[in-house]
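J.: Shown below is the structure under consideration.
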Amino acid sequence: MNDTPGWASPGSAPSDGREPGASAPADRPVPAEPAEQPAGQPVTDPQGPGSKWSKEQPPPGQWSAPTGAPAPGQAPPPPPPGPGWGGRPPGGDHGGYGGPPGPGGYGGPGGYGPPGGYGAWGGGWGGPPPAAKPGVIPLRPLGVGEILDGAVSTMRTYWRTVLGISLTVAVVTEVAVILLQGLVLNDTQTTDALNDPNASLSDVGRAAGGVLVSSGAVLLITMVGTIIATALLTTVTSRAVLGRSVTIGEAWRDARPQVLRLFGLIVLMGLIAVGVLLVGALPGIIVAIAGGPDGAVAGLLGLGILAGVVVAVWLVIRFSLASPALMLEKQGITKSLGRSAKLVRGSWWRVFGIQFLAGIIANIVSSLTVIPFTLLAAVLGGGGFSGFLQSGSDNPGWTFLVISGIGSVIGSMLTFPINAGVTVLLYIDQRIRREALDLELARAAGVENPGTATPGAVPGS
């Protein structure tokens, strides 16, 4: 008896389970044996009047069994249509919508086309299933152009929120910087002491300390503004991926609990970079303190600082996705650094290239707006453009500060969304590649079938 479910192998027992030679059941009639011809009587001719054979038979040699090869000079019968497809695919004798004919069907072994099915998306299907695109990016691994386009699309689609955040932060930051530069850094006594070769060491030290404190204050104000803009724009971009708008108030309420942690993260990353540079320069500093030759000191300092820069850049890129991880996953500082390192692992050069390209684009956009205003401020500042070039070390006046500040506001208003958007989309792209985040995003966006939504391009590198 055959126990194989669903099919029987050749030579197995009959389907009713009887062994060969077994007697038939009692309720099934046994066919009667044909009666023997009486002796002396002629055998009945099959072609006789009582026969069921036709008298007109084909001539010999003009027919063959259904499974035999076609006779010479006779066209082969057409192949039977495939189930559910209505016939042979177009393309003549080409198998599998473009593949060469092969055994077992139109194309490669066992069916239509080469391995992979129908020319591996080549001609019969029209490409892979399109990805869902509820927002500014398709929910699949992204190419470089799609990441940049997603950042620009976020700014263009939700321009009221994006430009409102960028403009507000840029104006507040620039006003604080202008007031600081005009009221504190515009101290002529400090600059005179630094430019005077006859000034005492205490005067130079006091002046250098004042400049350092003032420059640190400007850097701190700029960094606070950048952090706030990054926090708010991260929330806006993450909602834009799902096709949802958000107001400035909603973005602030969502980002406010993480702003202090984001500030601590940025400060920690800056301290790490500075510490690496100091460690690289430490051998040269030690040799200089020990009174070594100037050539050895310069060589050690150069090599050490160069090595420190390389290590610092590597660490900065490795931790470059910590900011969106902290904001979107509500992580702590150390866990965000670990998440960034995990996402960047194996893709350092790709992340570096995209971040570098985005930085170049942002700097070009900023320069196109800042430089014209700076030149205009130099012309209208009183001394003219030539006077500005000759007295570049002098403290600028209020006219120069205000006009150049307007250019800085416009530049920051355009560069904030690009930098923040690229970082967030790069973070989402890495999570899609490593953690299948696209499925979670599709469910969050309410897409029922992520594979049959808005078409998207084939992903790039």
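The values are calculated or read from the model by the stated rules, or taken from the named source; none is laboratory data. If you're wondering where the values come from, they're calculated on a predicted model, not measured in any experiment. Here the Cβ positions follow ideal geometry from the backbone for every residue, glycine too, while neighbour counts run over all protein chains shown.
J.: Between 313, 344, which is surrounded by fewer than 18 Cβ atoms within 10 Å (Cβ to Cβ), closer than 25 Å to residue 429 by Cβ and under 24 Å from the mean Cα position of the chain (by Cα)?
T.: Only one candidate passes the filter, namely 313.
J.: Please find, among 167, 139, the residue that is closer than 30 Å to residue 448 by Cβ and at pLDDT 65 or above. Even if it seems obvious, please write down each step before you answer.
T.: Working: 167 fails: closer than 30 Å to residue 448 by Cβ.
Just a single option satisfies the conditions, and that option is 139.
J.: Of the conditions (1) crowded, with 16+ Cβ neighbours inside 10 Å; (2) under 22 Å from residue 409 (Cβ atoms), residue 258 fails just one. Which one is it?
T.: For residue 258, the exception is condition (2).
J.: Please return the ranges of helices (runs of 4 or more DSSP H) entirely within the range 267-351 where 1 or more residues are in contact with a Leu (Cβ under 9 Å, 6 or more places away or on another chain) and more than 27 Å from residue 434 (Cα to Cα). Give the steps one after another, and end with the answer.
T.: Details: elements: 294-318, 322-328, 333-344.
Hits in the range 267-351: 294-318.
J.: Looking only at residues that are among the polar types (S, T, N, Q), exposed (fewer than 14 other Cβ atoms within 10 Å of the Cβ) and part of a helix (DSSP H, G or I) in the range 368-398, which one is modelled with the lowest pLDDT?
T.: 390
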